[in-house]
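Take a look at the structure below.
The values are calculated or read from the model by the stated rules, or taken from the named source; none is laboratory data. All values derive from a computational prediction rather than experimental measurement. Note that we place each Cβ from the backbone using ideal geometry, even for glycine, and neighbour counts take in every protein chain shown.
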């Protein structure tokens, strides 16, 4: 389990909802009869809650006041599996954002907060805590929203982080730390560049300034988030990479940036490329913007969202990383392989049976050269890309990849499936893959097939004009 530390401005998000049946006498505003109150961690607390939901072991550090909101926030974090070190600062108010909603529409918001820098005693306690926990963490996320927690001393205490991800309204003070990742939105990027920008073509403007963004932040990766326009990933030595978002009403986007940062940081820490981390982060944000309130995205929901995107066909290397994420989520991986040259009812029945043996079904397809070696001249009838696309369209198939070798042994070692499936009249002793699968802790299963259904027979009938 990936160990993560989150530090920064924590807050309590309260959502008050109820019907509005009349207007107030005092002013032209609706009178809302509050029937439901939901309290959720916000800010750094939301980032931590999302990390925990995605499978990380999370420690959170922040400052609160000596008030009832601090206790409510602590309970909300504990319910979401976050170990929180909330430093109580006497006389300080816990940051509290209240949103009033009626008929799905937010009609008012009012905030209670203090933004003064931490007093010296609280700062020293926080720095000591960070020096104890940061060195052992795989990733650190700093959430600096101007709430007074990320003082110069606190920033300096993060200098030894293995992976430092910074989500800050003002990025310039973080440059000396050379963060791994920074995640400015468009307005924050403009302030950093000291330019007015081009609102008519935000993407083009930022693409032309990739190098400047990297230099100005001192970061290895800059992710510029563009709300409904997705995001751009700027990384040294790589072409900028864009992800796309499904537009959502503004009142449903609360906290989506925290979710994005959490997913990007976690995927990167777990070995993903910046592009893969961006895909995961965009998918996670897409999950929460469909929900009211300050929502979180679980690992299962994120993986399901990634599968629903056009990412069923993957290279073996990229798929191996994706399967590692499924495995960490406790899902059972089933693997099979074949030519699948002309897909028929026997194939479909066989894949249905394979899918029933686990949670994720992976199908590896022999390359065109591999099929030719196995089946002879004139095969395959359908090229590899076509065969993979057809398989990916089946409801029971989660992922498809291809391999050049005559056996899938290399893929079995990469994917480490819980179950390896073959169809037909084999026995497990007949399969050369059995020793490899079992040495890796998996099992081999042979499932039935539909009699008189084979690709070779179909092709022979077609050749005979029948």
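Observations
- For the stretch 396-442, a residue qualifies if it is closer than 22 Å to residue 383 by Cα and in a loop (DSSP other than H, G, I, E, B), and the qualifying residues are 396, 397, 398, 404, 405, 406, 407, 408.
- Residue match in the stretch 15-33 (condition: assigned to a helix (DSSP H, G or I) and out of contact with any strand residue (DSSP E or B) (no Cβ under 8 Å at 6 or more places or on another chain)): no
- Yes/no for residue 128 being exposed (fewer than 14 other Cβ atoms within 10 Å of the Cβ) and either under 28 Å from the mean Cα position of the chain (by Cα) or assigned by TED's automatic domain parsing to the domain that holds residue 176 (or both): yes
- Condition met for residue 45 (in the same structural domain as residue 267 (by TED's automatic domain parsing), touching a strand residue (DSSP E or B) at 6+ places or on another chain (Cβ under 8 Å) and under 22 Å from residue 289 (Cα atoms)): yes
- The stretch 278-290 - residue that is touching a residue at least 40 places away in the same chain (Cβ under 8 Å) and either surrounded by fewer than 19 Cβ atoms within 10 Å (Cβ to Cβ) or touching a strand residue (DSSP E or B) at 6+ places or on another chain (Cβ under 8 Å) (or both) and, of those, farthest from residue 233 (Cα to Cα): 290
- For the criterion of being surrounded by 14 or more Cβ atoms within 10 Å (Cβ to Cβ), in the same structural domain as residue 373 (by TED's automatic domain parsing), farther than 25 Å from residue 317 by Cβ and in contact with a strand residue (DSSP E or B) (Cβ under 8 Å, 6 or more places away or on another chain), residue 423 passes.
- Of the residues making up the stretch 309-331, at least one is touching a residue at least 24 places away in the same chain (Cβ under 8 Å) and closer than 29 Å to residue 39 by Cβ.
- Conditions (1) more than 17 Å from the chain's Cα centre (by Cα); (2) crowded, with 18+ Cβ neighbours inside 10 Å; (3) modelled with pLDDT of 80 or more; number of the one not met by residue 293: (3)
- Here residue 113 meets the list (1) surrounded by 15 or more Cβ atoms within 10 Å (Cβ to Cβ); (2) over 27 Å from the mean Cα position of the chain (by Cα); (3) modelled with pLDDT of 95 or more almost entirely, failing just condition (3).
- Number of positions in the stretch 384-402 that are in contact with a helix residue (DSSP H, G or I) (Cβ under 6 Å, 6 or more places away or on another chain) and within 15 Å of residue 341 (Cβ to Cβ): 3
- Here residue 185 fulfils each of the conditions (1) out of contact with any strand residue (DSSP E or B) (no Cβ under 9 Å at 6 or more places or on another chain); (2) surrounded by fewer than 18 Cβ atoms within 10 Å (Cβ to Cβ) apart from (1).
- Only residues that are surrounded by fewer than 19 Cβ atoms within 10 Å (Cβ to Cβ) and either touching a helix residue (DSSP H, G or I) at 6+ places or on another chain (Cβ under 6 Å) or outside any helix (DSSP H, G or I) (or both) were counted across the stretch 317-330, and they come to 3.
- Residue among 122, 137 that is assigned by TED's automatic domain parsing to the domain that holds residue 68, farther than 22 Å from residue 76 by Cα and either free of Cβ contacts under 8 Å to residues at least 24 places away in the same chain or within 29 Å of the chain's Cα centre (by Cα) (or both): 137
- Matching residues, the stretch 357-370, being at pLDDT 90 or above and more than 21 Å from residue 440 (Cα to Cα): 365, 366, 367
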